[in-house]
Every structure is written in structure tokens, then in C-alpha cells.
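S.K.: I have a structure here, written as C-alpha cells, and I will follow up with some questions on it.
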Amino acid sequence: MHQLKVKFNDTGPTPNLIGKYKNFDHFIDGYKKFHTPSGIRYLFRYDIKKLVFVVIIVLLLLMLLLTESNLATF
């Protein structure tokens, strides 16, 4: 088993460290990037790796569906 270190008089994070993570503009930009139609279009237009990944997944699913339907007819 692992030994746990318990700090009874811990001062906690400094105000500067807390302020570093209170970047709400970055949070809102990320939200708009992934949760709005224009942001999703932007990702697929300018992030080629994600677009290729989605296309490959769709092609694999189509191949899976088509091969199962062909096997069932024989």
C-alpha cells in the first residue's frame, strides 16, 4: 500500500496561481469553438486531421454496414 502525506497546516494555492486559471475568455472561446455551428464548420475547414479522422470513421462504418448486409443475403 502507498503511504499518504497529510498536510494539516497547508496554506493552499497563492492568489497569483488562482488568477492564472480564472481566464474566462479562454473558456468562452473554447465553448464557441466546439458548441456552435460556425465553430464546428471552422474546425472541419481548417483542421484537416480531424476532418480526415471523421471521414475514415464514416467510411469504416459504411463498410461494416454494407458487408453485413451482403453476408445476410447469401
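The values are calculated or read from the model by the stated rules, or taken from the named source; none is laboratory data. Fair warning: this is a prediction, and the values are worked out from it, not measured in the lab. Cβ: placed from backbone, ideal geometry, glycine included. Neighbour counts: every protein chain shown.
Matching residues to (1) among the aliphatic types (A, V, I, L, M); (2) touching a Lys or Arg at 6+ places or on another chain (Cβ under 6 Å); (3) at pLDDT 85 or above; (4) in a helix (DSSP H, G or I):
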{"position": "His2", "(1), (2), (3), (4)": "no, no, no, no"}
{"position": "Asn16", "(1), (2), (3), (4)": "no, no, yes, yes"}
{"position": "Lys22", "(1), (2), (3), (4)": "no, no, yes, no"}
{"position": "His26", "(1), (2), (3), (4)": "no, no, no, yes"}
{"position": "Lys32", "(1), (2), (3), (4)": "no, no, no, yes"}
{"position": "Ile40", "(1), (2), (3), (4)": "yes, no, no, yes"}
{"position": "Phe44", "(1), (2), (3), (4)": "no, no, no, yes"}
{"position": "Glu68", "(1), (2), (3), (4)": "no, no, no, yes"}
{"position": "Leu71", "(1), (2), (3), (4)": "yes, no, no, yes"}
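S.K.: Considering (1) surrounded by fewer than 10 Cβ atoms within 10 Å (Cβ to Cβ); (2) at pLDDT 85 or above, say which one Leu62 fails and leave the rest.
M.R.: Every condition holds for Leu62 apart from (1).
S.K.: Anything in region 1-26 that is closer than 30 Å to Leu51 by Cβ and surrounded by 10 or more Cβ atoms within 10 Å (Cβ to Cβ)? List them, or say none.
M.R.: Asn23, His26
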